[in-house]
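Worksheet: one structure, shown below.
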Amino acid sequence: MSSSTPDFSKPSPRALLQFYRGQFAAALGFNLAYRGMVALWVLGSVMQPLVLIVVWQTVSEGRDTGMTAGQYAAYFMVSMVVSHMTFIWHMWEFEWRIRSGYFSPLLLRPVHPIHHDICENLSYKFVGLVGIIPAAVLMALIFGADFSGASWRSLIAFAPALLLAMALRFVIEWCLALAAFWMTKVASLNQLFDAFFLFLGGQFAPLGVMPEWIQTLSFALPFRWSIYFPIQVALGNITGADLWIGYGMQPSDRSGRGRVATDVEARGLPTTAVERSHACLHR
Amino acid sequence: MPSTPIISVENLGKTYTVPEREAGVKAAVVSLFNRKTRDVQAVRDVSFDIHPGEIVGFLGPNGAGKTTTMKMLSGLLHPTAGNASVLGFTPWERDRAYLGQMTLIMGQRNQLQWDIPVIDSYQLFKAIFRISDADYKQRLDELIEWLELQSLINKPARNLSLGERMKCEIAGSLLHQPRVLYLDEPTIGLDISMQRKIREFVAEYNARTGAAVMLTSHYMADVEALCERVIVIHHGTLLYDGDLHGLVSRFSPFKTIAIEFSEPMVANGQLADANDRYGEIVSANDTGWEVRVPKSETAAVASRLLADLPVADLTISEPPIEEVIEQVFATGVET
């Protein structure tokens, strides 16, 4: 066998790119092989905004809620797209990964395991768009979505807002998933987090119709910047200085949590996960 | 033996803290307010060196601490005591350069992607381990030839049998040509023919690359075929480190004397006294006996057998290694 040892002390963007290409293709293969599963997930993603449009349009009939029926339709349609693009399931999977030992092979590689998960996540979103985009168009047509505030400028502004939101939510939830290193049953924590996301991210109701104190609170938390902010940017409701403030809030929230993710790997905290599974065996 | 060890382990220890409570609802409620834990020492004070090119059997019953030790050495676990150096790295610091030069193959854990052709997983490993195009092609060709993978690599891993998948897993884990191999039950669940193929391959890889191999297996055939040296661990403590056959002479207090009679012999009452006079009669028929005797009395018993009985042939042997290991595990003999 031949022997040339690569130099791992230097980062290799080319090798990482090759890895992303290969892992993305592998994840794509998985999602296409289990397209029925993806279709059901996508259907689940469509159901929630569908129900919320109906509820909020009904609520807004004959009373001033601050938004028209068409605006609600537009809001929840864009919310569906943003939710799909920022969705991450890994915090629900980590407990199983740790207990089953599935995480160990990922830790044995000279590549941070987060890259594997990023590829999986992007691939799901990519495949899921095949269902989400037609559903969004149908929803807009059926419920008379009002996009009067949107423009080509808001669409251009939406692209970085969405990308930053994807990164922000991914890093936050991946870090939250690390709680499985310390907690045996982490699902309850995940459920609590999801409830906050639904409420303070603007998935359940536009934050603009919420009480003032909730809106104020939401500025300090990451949920708003993951969901509500990109929706409002797409709809043309955030422009000028507010837009730049929002862009600034997204990475500042992400960088702190991103640091946690890298530190966790570098300091070997994932090993605690394996330790916990070992400890379980010794009970 | 080469001078510098490739794996050096010094007083390695691992203690887990686990919660415990008594049975029953009352105890469950009490544990909410007064949580009790106990320390479990999975590995304690283990020291050994392994040199390049060595294949070392790491033996012990379930729960002995074998996998915990291997996981510490592969960087998956932090020890609670001691030090280790592998290829000059501290494993649990998880240096990329270290991870790129070793592999841990666990019999029931998958590196291969389940739903894509095996060759696509290999391409992924190529990127992960930064293998050059030329090296990848050469190594892949060799591995395909050694392990007879040609008909398998274009199938998704989920469509392979357990044995086929294991062969593909092993090939994938060796594409980056690791200098240290930790093999944790690599033949578990495989049929005898596939076990033999895997054994032959590991021996071949070791001979060609000079990699150090640390192997755990409950199949003694694996150990006997591959390992001149064994390390025995029990209750987390190192019991023995040395020559495989030395293990037998050290831990087996018995030898087996087999005799063949020069003429068919009907045991007329002799058999009843034989257990007292010679030792434990393991088997007996008209043509011969097999007697297990304490090691220190082997010569005396052999003399008595020759004097008392019409013996045509007599052989003295150590008991099978498997039996000795089983006995060591059962009694937990401490050094």
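What base-10 log of the normalised intensity I(q)/I(0) is obtained for the stretch A:74-229 from the Debye formula, alpha carbons as equal point scatterers, at q = 0.09, 0.18 Å⁻¹?
One equal scatterer on each Cα of the stretch A:74-229 leads to -0.35, -1.19.
Points 7 angstrom from Cα along the Cβ direction at A:Arg63 and B:Leu162: gap in nanometres?
For A:Arg63 paired with B:Leu162, the spin-label model returns 6.4 nm.
Beyond 16 Å, what share of the Cα-Cα pairs of the stretch B:12-91 remains, rounded to the nearest whole percent?
62
So if we plug the beta-carbon distance of A:Ile156 and A:Phe126 into 1/(1 + (r/R0)^6) with R0 = 30 Å, what FRET efficiency do we get, rounded to 0.05?
0.90
Run the simple label-point estimate for B:Glu204 and B:Asp133 please: 7 Å along Cα→C-beta, distance reported in nm.
Rounded to a tenth, the inter-label distance reads 2.8 nm.
Can you tell me how the protein assembly as shown classifies by the Cα gyration tensor, rounded, prolate or oblate, using a/c under 1.5 as the rounded cut?
Prolate, because a/c is 1.5 or more and a/b exceeds b/c.
Consider a paramagnetic label point 7 Å from the Cα of A:Ala179 along Cα→Cβ; state which residues of the stretch A:99-137 have an amide N under 18 Å from it.
A:99
For the pair B:Thr15 and B:Leu306, what calculated FRET efficiency results from E = 1/(1 + (r/R0)^6), where r is the Cβ-Cβ distance and R0 = 60 Å, to the nearest 0.05?
With a Förster radius of 60 Å, E is 0.60.
Note the direction-averaged projected area, equal to a quarter of the hull surface, for the Cα convex hull of the stretch B:208-264, in nm².
For the stretch B:208-264, averaging the hull's shadow over all directions gives 7.2 nm².
Please find the FRET efficiency linking A:Ser9 to A:Leu40, where r is the Cβ-Cβ separation and R0 is fixed at 60 Å, and quote it to the nearest 0.05.
Working from the Cβ atoms, E equals 0.85.
Extending each Cα 7 Å along its Cβ direction at A:Trp92 and B:Ser296, get the distance between those two points in nm, one decimal.
The modelled label-to-label distance comes out at 6.8 nm.
As I understand it, the dipole of the protein assembly as shown uses +1 on the Cβ of Lys and Arg and -1 on the Cβ of Asp and Glu, about the Cα centre. Which of B:Pro294, A:Leu163, B:Phe261 lies farthest toward its positive end?
Positive-most Cα among the choices belongs to A:Leu163.
Determine which residues of the stretch A:30-74 fall in the zone a paramagnetic label at B:Trp114 would reach in this model, i.e. backbone nitrogen under 12 Å from the point 7 Å along Cα→Cβ.
Correct set: A:30-31, A:34.
Treating only the Cβ of Lys, Arg, Asp and Glu as charged (+1, +1, -1, -1), what charge dipole size does the stretch A:1-125 show about its Cα centre? Round to the nearest 20 debye.
Once rounded to the nearest 20, the dipole reads 400 debye.
For chain B, with the dipole built from +1 on Lys and Arg beta-carbon atoms and -1 on Asp and Glu ones, taken about the Cα centre, which of B:Pro178, B:Gln123, B:Val213 lies farthest toward the positive end?
B:Gln123
Determine the principal axes of the Cα atoms in the stretch B:253-317, then give the extent along each, sorted from largest to smallest and rounded to whole angstroms.
Answer, in whole Å and largest first: 30, 22, 19 Å.
Looking at the stretch B:37-176, I'd like the Rg to Rh ratio, where Rg is from alpha-carbon atoms and Rh is Kirkwood's inverse mean 1/r.
1.01
Is the C-alpha gyration tensor of the stretch A:192-257 telling us rounded, prolate or oblate? Criteria: a/c under 1.5 is rounded; beyond that, a/b larger than b/c is prolate, otherwise oblate.
It is oblate, given that a/c is not under 1.5 and a/b is not larger than b/c.
How much mean residue ellipticity at 222 nm does chain A get from its helices, if each DSSP H run of length 4 or more adds -39500 (n - 2.57) and you divide by all residues, to the nearest 500 deg cm²/dmol?
When only DSSP H runs of four or more count, the value is -24500 deg cm²/dmol.
Give the residues of the stretch B:293-325 whose amide nitrogen is closer than 17 Å to a point set 7 Å from the Cα of B:Ala225 in the direction of its Cβ.
Residues B:321-322 fall inside that zone.
Taking the alpha-carbon set of chain B, what are its Rg and Dmax in Å?
25.1, 78
Output the Cα-based Rg and Dmax of the stretch B:176-241 in Å, rounding Rg to one decimal and Dmax to a whole number.
Calculated on Cα positions, Rg and Dmax stand at 12.4, 35 Å.
Report the Stokes-Einstein translational diffusion coefficient (µm² s⁻¹, integer) for chain A, Rh taken as the Kirkwood radius over Cα pairs, at 20 °C with viscosity 1.002 mPa s.
104
At q = 0.13 Å⁻¹, what log₁₀ I(q)/I(0) does a Debye calculation on the Cα points of the stretch B:185-335 give, no solvent, two decimals?
Values returned for q = 0.13 Å⁻¹ are -0.75.
Choose one of B:Ala64, B:Val86, B:Ser47: the residue whose Cα lies farthest towards the positive end of the charge dipole of chain B (beta-carbon charges +1 Lys, Arg; -1 Asp, Glu; about the Cα centre).
After comparing all options, I get B:Val86.
No lab work stands behind these numbers, since they all come straight from the coordinates. Owing to the predicted nature of the structure, the values given are computational and were not obtained by experimental measurement. All Cβ positions, glycine included, derive from the backbone under ideal geometry; neighbour counts span all protein chains shown.
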